[in-house]
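We did not get these values from a lab; they are worked out from the coordinates using the rules stated. None of the values given here were measured: they were computed from a predicted structure. In this analysis, Cβ positions are derived from the backbone assuming ideal geometry, glycine residues included, and neighbour counts consider all displayed protein chains.
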Amino acid sequence: MRFCKTRSSVSSTCLLMSSLLVFACLAGCSATETEVEAAPEVGEAAVETLPYEGESLMVYSGAGLSKPMDEIAEVFKEETGCTIKYTYAGSAQNLSQVELTGQGDVYVPGAKYYSDSAVEKGLAEEGQDFAYHVPVIGVPVGNPAGITCLEDLGNDGIDVVFADPEAAAIGKAGKKMLENAGLWESVSANFVAQTPTVNELVVYMAMGQADATIIWEDNIAGVDDVEIVQIADELNDIKTIPVCVLTGTTNHDLAQAFADFVAGEEGKAIYAKHGFRPVE
Amino acid sequence: MPTSRPARSSRRYNIVFSAVIAVVTAALAGFIVLALAMVLSRGLPNLWVSLQTEEIQFSIKLSLYTSLASTALCILFSVPVAYGLSRFDFKGKGVITMIMDIPMALPPIVSGVALLLLFGTTEFGRWLADAGLPVVFTVKGIVLAQFFVNIPYMLRIMRSTFDDIDPRTEFVARTLGCSRFQAFRLVTLPLSKNGLVAGAVITWARALGEFGAALMLVGATRLMTETLPVSLYLNMSCGDLPLALSAASILIIISVLSLFIFEAMGGSPAAITRGGGGAR
């Protein structure tokens, strides 16, 4: 009996280890996946019980939204006790993760296009639009190439970095905008590199690796080395950011509570602080 | 506890001991095979169709070109440096050896940022770009990233290979009138052939899979800097699973084949991490 016990405990340890490994591999799928464990663990003076103490939600979020989302997670944890675990990635990558795994509770893509697609596939419920995502031209500090408008991106000798239109919301929006303005040909001829998410573009601008890019207005909040040039309203393709509850959620009330929180006054205020324009 | 019949007890312990080892080994092997089988079972059926697409063809060609070029560079640098570290004693040898190993311990993305800063933002980088060797956002950058990440592996294998060759063979050659270089070229180099081939094969396989450092340095531009791993990542990002898993299958096949060649040439995987037991 003693031996049986030893063996079963070894094999269960072994099971545990392999499931940990599987988990690590799954987590490794996305290069930009992070977990935000907001606020310290419980154990210290839980004075009053919070409504969702000890519970957690898994939220897919566009990689470019990480700063306000992290802050929202902290405040939400303080108010409800619920821990938010984020998977940050390109909006389309998140969508395929939802589709593949069927897991997760809430989806916050960089543009409404993706939530519409999720609703269409039966993966998400109709979302609430809570902030505007405004494409702008990003240039290195001092604007060395003298970019003043969208047309300038197509000029000879301008180096442009751009987000992959298939993978990132800003890539898709930027491509559509340029196509509508009849500038896609000339501007795409100037592409020196493309990236899977908008974040790398900000890095390249901050390091002065190219003359211009198209990013979201909010990307440069708190970044000193990047300047923006506004795109004329009639050419621009301003997106709205939705938050929607996934149909596969196992805790609908809590997921809805989080979505309402993000789209509510507090969520909008945090977004405004990070350079977004809230939806009125 | 069991002390009354030590002989029987110890026999039973031995059986349990072996059983535990067998279970753990089988679990680990099964885990690895299962994970690979998941990719191959989905990737192989689409492989032929995917091979017809321009994107996969391009990434195979680019991966082959960059990995062969970076492996050649690794050989070029590792042979003299490894020979020097193996045969000469000098002050600071320990420090030099440690410096050479650093890229192996770094997360690839850190290597990528370091290379981006060095080649993108310094006078040296600008001078190199003006001289016709631009690396940021270019295919040359992929080769450079692979070289930087892989050189420690090649160096370790070459060093252990040279360490295993008796220096007396060179002394004998020199008593017969050879110069140091001639002794190296006519005696040591031919003797190290197996180690060289084994090292080159494993370096090449690693170069094929290099992703993080190159992603930072050159971006992930479709049909421009799209190697096989980048193709896998981009197509995962936009939900094109058949194409993504085909790229993954190709990488698995190449890795397994090269491991096989490496073993056949007398290399042992331990040589890479321990720096011991090369090939003779």
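Note on A:87-96: average number of Cβ atoms from other chains within 10 Å of each residue's Cβ is 3. Quick one, what does Rg over Rh come out to for region B:1-137 if you take C-alpha atoms and the Kirkwood Rh? Rg/Rh: 1.21. Pick out, from B:Leu259, A:Val226, A:Gly174, the residue whose Cα sits farthest towards the positive end of the charge dipole of the protein assembly as shown, with +1 on the Cβ of Lys and Arg and -1 on the Cβ of Asp and Glu. It is B:Leu259. Distance distribution P(r), the protein assembly as shown, all Cα-Cα pairs, bin width 20 angstrom from 0: 18, 44, 30, 8, 0 percent. Among the GluC sites (Glu not before Pro) found in region A:93-129, those both in a DSSP coil and sparsely packed, with 15 or fewer other Cβ atoms within 10 Å of their Cβ, are A:Glu126. Based on the alpha-carbon gyration tensor of region B:17-68 and its eigenvalue square roots a ≥ b ≥ c, which shape applies: rounded if a/c is under 1.5, prolate if not and a/b is larger than b/c, or oblate? Here region B:17-68 falls in the oblate category. Taking the Cα centre of the protein assembly as shown as reference, the dipole from Cβ charges on Lys and Arg (+1) and Asp and Glu (-1) amounts to some 4760 debye.
By the combined test of axial Cα extent (at least 30 Å) and Kyte-Doolittle hydropathy (mean at least -0.5), the qualifying DSSP H helices of chain B come to B:6-52, B:54-87, B:139-164, B:241-264. Over all other residues within a Cβ to Cβ distance under 12 Å of B:Ala220, the charged ones net out to -3, with Lys and Arg as +1 and Asp and Glu as -1.
One Cα centroid belongs to region B:24-63, the other to region B:192-270; the line between them spans 12 Å. With a simple spin-label model that places each label point 7 Å from the Cα along the Cα-to-Cβ direction, the separation between B:Thr121 and B:Arg42 comes to 3.8 nm. What does the net charge come to around B:Cys178 if you take all other residues with beta carbon closer than 14 Å to its beta carbon, with K and R at +1 and D and E at -1? Around B:Cys178, the charge tally is +3. The order of A:Lys239, A:Lys273, B:Lys140, going from fewest to most other C-beta atoms within 10 Å of their C-beta, is A:Lys273, B:Lys140, A:Lys239. Sorted fewest first by neighbouring Cβ atoms within 10 angstrom, A:Trp216, A:Trp184, B:Trp127 come out as B:Trp127, A:Trp184, A:Trp216. Proximity of backbone amide H atoms, modeled 1.01 Å from N, is registered between A:Thr87 and A:Val59, A:Tyr60, A:Ser61 at under 5 Å, excluding neighbours fewer than 5 places apart on the same chain. Exposure proxy for A:Arg277, B:Arg126, B:Arg222: other Cβ atoms within 10 Å of each Cβ, ordered fewest to most, give B:Arg126, A:Arg277, B:Arg222.
Modelled spin labels at B:Ile96 and A:Glu78, positioned 7 Å past Cα toward Cβ, are 5.7 nm from each other. Amide hydrogen proximity for A:Ile214: with H placed 1.01 Å from N in the peptide plane, the residues at 5 or more positions away or on another chain lying under 5 Å are A:Gly138, A:Ala163.
Taking a ≥ b ≥ c as the square roots of the eigenvalues of the alpha carbon gyration tensor, chain B is oblate, as a/c is not under 1.5 and a/b does not beat b/c. Summarising the amide proton neighbourhood of B:Asp240: residues at separation of 5 or more, or on other chains, whose placed amide H is nearer than 5 Å comprise an empty set.
Taking 7 Å steps out from each Cα toward its Cβ at B:Ala105 and B:Ile253 produces label points 3.9 nm apart. A protection proxy built from the mean count of other Cβ atoms within 10 Å ranks the segments B:130-138, A:133-141, most packed first, as A:133-141, B:130-138.
A 31 angstrom limit on the alpha carbon distance is what I want to check against. Which of B:Lys93/B:Lys193; A:Lys67/A:Lys175; A:Lys172/B:Lys61; B:Lys91/B:Lys140; A:Lys176/A:Lys273 exceed it? Violating the 31 Å limit, Cα to Cα: B:Lys91/B:Lys140. Residue-wise HN-Hα couplings along region A:266-280, as the Karplus relation 6.51 cos²θ - 1.76 cosθ + 1.60 with θ = phi - 60° gives them from phi, are 5, x, 5, 4, 5, 4, 4, 4, 9, x, 8, 9, x, 6, 6 Hz; Gly and Pro carry x.
Taking 0.36 nm per residue of sequence separation and removing the Cα-Cα distance, the B:Tyr13/B:Asp130 pair yields an extension gain of 35.0 nm.
Using the Cβ of A:Thr249 as centre and a radius below 11 Å, the other residues enclosed give a net charge of -3, where K and R count +1 and D and E count -1. Summarising the strand pairing of the protein assembly as shown, around 55 percent of its internal DSSP beta bridges are antiparallel. Based on alpha-carbon atoms, the Kirkwood radius and the radius of gyration of region A:82-170 give Rg/Rh equal to 1.10. Residues in region A:168-179 carry Karplus couplings, in order, of 10, 4, 5, x, 5, 4, x, 5, 4, 4, 5, 5 Hz; the curve used is 6.51 cos²θ - 1.76 cosθ + 1.60 with θ = phi - 60°, and Gly or Pro positions show x.
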